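The values are calculated or read from the model by the stated rules, or taken from the named source; none is laboratory data. All values reported here derive from a predicted model rather than from experimental measurement. We place every Cβ from the backbone using ideal geometry, glycine too, and count neighbours over all the protein chains shown.
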Amino acid sequence: MKRYFKFLLLFCLVIFSAEIYSQPPKSYRKQMKQKEKEDAKGDDFIQKQVESAKGLKKFKDKLAKLDKDKQDAQASGDQVLVDKIDLKIRQVKSQLFFAKDKIEKKIIKKYRKIQEKEVQKRMKKSKKKANRVNENKPEPLFKRLVNKLNL
């Protein structure tokens with residue numbers, strides 16, 4: 001009789017333990033929901049990049065138009081008009097570079113937010129290490145030679 005109870009108890013434990021492991025844990029479900037959200041963020045990230053590229057297109061169109069105007073002014077020989085167009089070109093280029101930097105910073109920020117917490121920490125550590133290493137690097141040889149020759 002005792003053997004029967006031991007066997008029955010062991011059998012019940014095996015069945016219940018198998019039933020417990022057959023259901024995914026709540027943490028797994030939570031991870032899957034979080035992964036779905038991250039995938040949606042990734043799609044949004046790609047869409048934002050496409051929109052930002054469209055925003056930069058207006059600057060490129062302006063530059064193309066100004067370049068054509070500059071060629072026309074050079075052909076006519078009007079140096080004052082050429083100088084004015086050069087000034088406009090420089091202004092548009094500075095606006096373009098400012099907009100690019102702003103977009104790149106936003107993209108980097110979004111990219112970092114998409115990553116998991118452990119990956120964010122690792123990225124932060126590697127960035128700090130890279131900055132430390134780059135700060136302690138000596139100037140390149142050719143720059144040092146040029147600086148010595150100019151003195």
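Condition check ((1) under 22 Å from the mean Cα position of the chain (by Cα); (2) in a helix (DSSP H, G or I); (3) more than 30 Å from Glu38 (Cα to Cα)) across all residues:
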{"position": "Ser94", "(1), (2), (3)": "no, yes, yes"}
{"position": "Gln120", "(1), (2), (3)": "yes, yes, no"}
{"position": "Met123", "(1), (2), (3)": "yes, yes, no"}
{"position": "Lys128", "(1), (2), (3)": "yes, yes, no"}
{"position": "Lys137", "(1), (2), (3)": "no, no, yes"}
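For the criterion of being modelled with pLDDT of 75 or more and closer than 27 Å to Lys117 by Cα, Glu51 fails.
Kindly evaluate Lys102 against the criterion of being surrounded by 11 or more Cβ atoms within 10 Å (Cβ to Cβ), under 29 Å from Phe59 (Cβ atoms) and of a type outside the set (Asp, Glu). Yes; evaluated as a whole, the condition is true for this residue.
Among the residues of the range 106-118, those that are among the charged types (D, E, K, R), surrounded by 11 or more Cβ atoms within 10 Å (Cβ to Cβ) and assigned to a helix (DSSP H, G or I) comprise Lys106, Lys110, Arg112, Lys113.
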